[in-house]
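Here the structure is laid out as structure tokens; the discussion comes afterwards.
The values are calculated or read from the model by the stated rules, or taken from the named source; none is laboratory data. Because the structure is predicted, anything quoted here is derived from the model rather than measured. Counting neighbours? That spans all protein chains shown, and the Cβs are built from the backbone with ideal geometry, glycine included. Areas reflect the complete protein model, heavy atoms only, side chains present, ligands, DNA and RNA absent. Shrake-Rupley method; radii C 1.70, N 1.55, O 1.52, S 1.80 Å.
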Amino acid sequence: MGCCRVTDLRHKEVINSTNGCRVGFVDDVEVNTETAKVVSIIIYGRQKFFGFFGRSDDLVIKWENIQLIGEDTILISHCPFHYNNKPKRLKLPFFH
């Protein structure tokens, strides 16, 4: 069983092994504080219009869907992705 640091997981490219599609890069990791185990990896949503209109929902990939962690990439099995529902931000008009 291999070991790695959480910082080693960050910025690795995530690829879907069933179709070769690039999913994104790991931005964060979710850890269960009771068991001290990694629950999922998180890819932040893309910014909309240079960040002026917020971001898309974050992509959460459960740990059991990870097939292989390589030097630069993480292979995942095709899985129904779970998106974090971020709280809606108050949108202010540009002009009063």
Looking only at segment 9-48, filter to residues that are of a type in the set (Val, Ile, Thr) and more than 20 Å from GLU71 (Cα to Cα); which one of those is most open to solvent (accessible area, probe 1.4 Å)?
THR33
Pairs where the first residue, in segment 13-30, is in contact (Cβ under 8 Å) with a residue 24 or more places away in the chain and the second is among the basic types (Lys, Arg) and assigned to a strand (DSSP E or B), C-beta under 9 Å, 6+ apart
GLU13/ARG22; VAL14/ARG22; ILE15/ARG22; ASN16/ARG22
